[in-house]
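Read the structure below first, then the notes.
The values are calculated or read from the model by the stated rules, or taken from the named source; none is laboratory data. Source: prediction; values computed, not measured. With ideal geometry, Cβ positions are generated from the backbone for all residues, glycine too; neighbour counts draw on all protein chains shown. To get the accessible areas, we keep the full protein, side chains included, count just its heavy atoms, and leave off ligands, DNA and RNA. Shrake-Rupley method; radii C 1.70, N 1.55, O 1.52, S 1.80 Å.
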Amino acid sequence: MAAALIGEAPPRSRRRRRWLPWLLLRLGGVVFVLWAVATVTFFAIRLIPGDPAEAILGGPGSQTSAEALAQVRAEYGLDQPLFFQYLHYLGRLLVGDLGRSYALHDSVLNVIAQNLGGTLLLAVVSLIVASLIALALAAWSTRGGRVAASIGSLLEIVAAAVPHFWLAISLILLFSSVLGWLPPVSVPGPVGLVLPVLTLALPLSGFLGQVMRESMLDAMASPFVLSARARGESENDVFWLHALRHAAIPAIGLAGWAFGALISGAVVVETIFARPGLGRSLLSAVQQRDVPLVIGVVIVVALAYMLVTTLTDLADRLVDPRLRVDAR
Amino acid sequence: MVEVFSILVIALLVIAAVAPGVLAPGDPLAIHPLQSFRPPSLAHLFGTDESGRDIYTRIVHGTGASLLIGLSATAIGVGLALLFGLLAGLGPRWLDFGTTRFLEVLFAFPGLLFALLFIVVYGPGVVTSTIAVGLATAPGYARIIRSQVRVVRRAPYLEAATVLGRSRTSRVIHHLLPNVAGSLFVLVTLGIGQSIVWASSLSYLGLGAVPPAAEWGAMLSAGRTYITSFWWMTFFPGLFIVLSAVVTTLLGRSLQQRLRSS
């Protein structure tokens, strides 16, 4: 019985909460997490061995004069005490200044702004495609009898276990090397989006499908479905009008997690398909130890993650009336 | 049937890990420059790589290292999660509050992000990428363990043990841990496949194990430049990653079902 909880969200508190205090508490939490993320990132980066000034001037091994180093230290504030550097860094974050990229010699904000759109488009289209696939899979495996159920759940597990890079390679092989339908690298326009989107969407649909199927099965056995049947509604109406809405609730709760999966996936997918975007910038920043760019991307992603989870909590409260009233 | 299949495949993988010579007698590092980039054939089941090394042999000999990376990452993740989960689940309110907030902060580094940050600090490599995957997966496990501990803590048998005057430590060791152990085992089984996938993704990006080691991720990384021309170099090592992830997940799922129905 105790084990039934595995993999499920912790039980929700059913206490009655008013909107304003709830919202303020949430916003306070968001600010706290962002501050903590910025702080963790700042101090983690200080653990890197080596002189940051050298990294700015082209990494260790480059012939740099002492004057040049001193000049860079003064320019980037690296000659100040650590605590002042930290305060300075927080102050700059507050006004949205993320510093300059070591490798690209451009402001981090510019680099992120240039790459955000591509990744956002990729992620949103993938999320929509994944939800549609998951819905179809879950509906088919819930209603199609025992064989469909086992095939459906096997497909979901396989889809969820496939790493992005391998899926990408297989899709390139099939659609571009064998069939010759699609280009192996991402070209501008919708055609170039097909393979990257499929690569991101298929594993995600596996996870979403598993969750949706479970809650659909729950819903089909629940009292409100029984009463709908007793009212004489057709089996199709029962499924599409009642069970489906029920299945959406836990899927919405997965949005924060799905966001993380999409961002991680974007790193791999954008690299393989040579698609400009935030993920590819992050990877090259990691490879070149371009610290300001890494920090900038991490903070922007954390901000977006907090936005997504706060919005889904809000959506949860709107969709599920049980969270708004005293249940017991 | 699914269970039998998964156990069979896992047994084969374990044999490959412990005694690779049984399944592939060749030398995984033997170089044959004249036989480089051979496509799959009867002589070379999965083809050969840029130095003419047999890919099938390399995959079999790489099983041990790859599984070890997955196991270690899972052990690090679940071990840390157990610590945090127990602190939050058993400790006083303030400790639960603090730990939960801490986990929330870690959740704001979604997916591979925390692993990438860790690699920026400590540099790429097998050890750092394994630790990075462990750290990145820990918060998810910790949340599950915490809620699990909270449920078990309120169970009647623990109340009975308290009434009977058992000490706190004895209650945790004799009553709480055994009841959390089942789900922990499921978590580990499900986690291994996931860790292998994540670690191999890092290797694929060139941040984990490096060639010429016969490790699945390293083989992928080596084949990265030849994706469109010599697909077998990445396809087959990837297939084994998928296979091990799928069978451990299948096994984990069926164990979960059993736990649930018992």
Please state which of the following conditions A:Thr199 fails to meet, knowing it meets all the rest: (1) at pLDDT 85 or above; (2) on the phi > 0 side of the Ramachandran plot.
(2)
Is there any pair linking a residue in the range A:253-272 that is more than 20 Å from B:Leu106 (Cβ to Cβ) to one that is open to solvent by 30 Å² or more (accessible area, probe 1.4 Å), with Cβ under 7 Å and at least six apart or on different chains, and which?
A:Val268/A:His164; A:Val269/A:His164; A:Glu270/A:Arg280; A:Thr271/A:Arg280
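Kindly state which helices (runs of 4 or more DSSP H) lie completely within the range A:98-182 and contain at least 2 residues that are among the aromatic types (Phe, Trp, Tyr).
A:164-171
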With the requirement that a residue be more than 9 Å from every other protein chain (Cβ to nearest Cβ) and in contact (Cβ under 8 Å) with a residue 24 or more places away in the chain, what does the range B:248-262 give you?
B:Leu251, B:Gly252, B:Ser254, B:Leu255
B:Thr100 in contact with a Ser or Thr (Cβ under 6 Å, 6 or more places away or on another chain) and either more than 26 Å from B:Gly191 (Cα to Cα) or not hydrophobic (A, V, I, L, M, F, W, C) (or both)
no
Restricting attention to the range A:135-148, and to residues there that are open to solvent by 30 Å² or more (accessible area, probe 1.4 Å) and more than 29 Å from the chain's Cα centre (by Cα), which single residue is farthest from A:Asn236 (Cα to Cα)?
A:Val147
Taking the range B:220-241 and keeping only residues that are outside any loop (DSSP other than H, G, I, E, B) and open to solvent by 10 Å² or more (accessible area, probe 1.4 Å), one is left with B:Ser221, B:Ala222, B:Arg224, B:Thr225, B:Tyr226, B:Trp232, B:Phe235, B:Phe236, B:Leu239, B:Phe240
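Take B:Leu82 and tell me if it is facing chain A (nearest Cβ under 7 Å), under 27 Å from A:Ala258 (Cβ atoms) and assigned to a helix (DSSP H, G or I).
So B:Leu82 does not fit the description; no.
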Among B:Ile7, B:Ile69, which is under 18 Å from the mean Cα position of the chain (by Cα), under 30 Å from A:Ser150 (Cβ atoms), modelled with pLDDT of 85 or more and of a type outside the set (Asp, Glu)?
B:Ile7
What's the number of the condition B:Arg166 fails, among (1) crowded, with 20+ Cβ neighbours inside 10 Å; (2) not hydroxyl-bearing (Ser, Thr, Tyr); (3) not in a helix (DSSP H, G or I)?
(1)
Residues being among the charged types (D, E, K, R) and within 14 Å of chain B (Cβ to nearest Cβ) - total across the range A:118-172:
2
Residues within the range A:188-213 that are in contact (Cβ under 8 Å) with a residue 12 or more places away in the chain and either open to solvent by 60 Å² or more (accessible area, probe 1.4 Å) or not small (Gly, Ala, Ser) (or both), tallied
17
In the range A:177-207, what count of residues is obtained for those that are touching a Ser or Thr at 6+ places or on another chain (Cβ under 6 Å), β-branched (Val, Ile, Thr) and within 14 Å of chain B (Cβ to nearest Cβ)?
0
Would you mention how many residues in the range B:193-210 are within 20 Å of B:Ala142 (Cβ to Cβ) and either away from every other protein chain (no Cβ under 11 Å) or without any contact (Cβ under 8 Å) to a residue 40 or more places away in the chain (or both)?
1
Only one of these is more than 24 Å from the chain's Cα centre (by Cα), of a type outside the set (Asp, Glu) and modelled with pLDDT under 90: A:His105, A:His164. Name it.
A:His105
Count - residues of the range A:251-289 that are on the phi < 0 side of the Ramachandran plot and within 9 Å of chain B (Cβ to nearest Cβ)
18
Scan (1) within 11 Å of another protein chain (Cβ to nearest Cβ); (2) of a type outside the set (D, E, K, R); (3) open to solvent by 50 Å² or more (accessible area, probe 1.4 Å) for the single condition B:Phe109 breaks and write down its number.
(3)
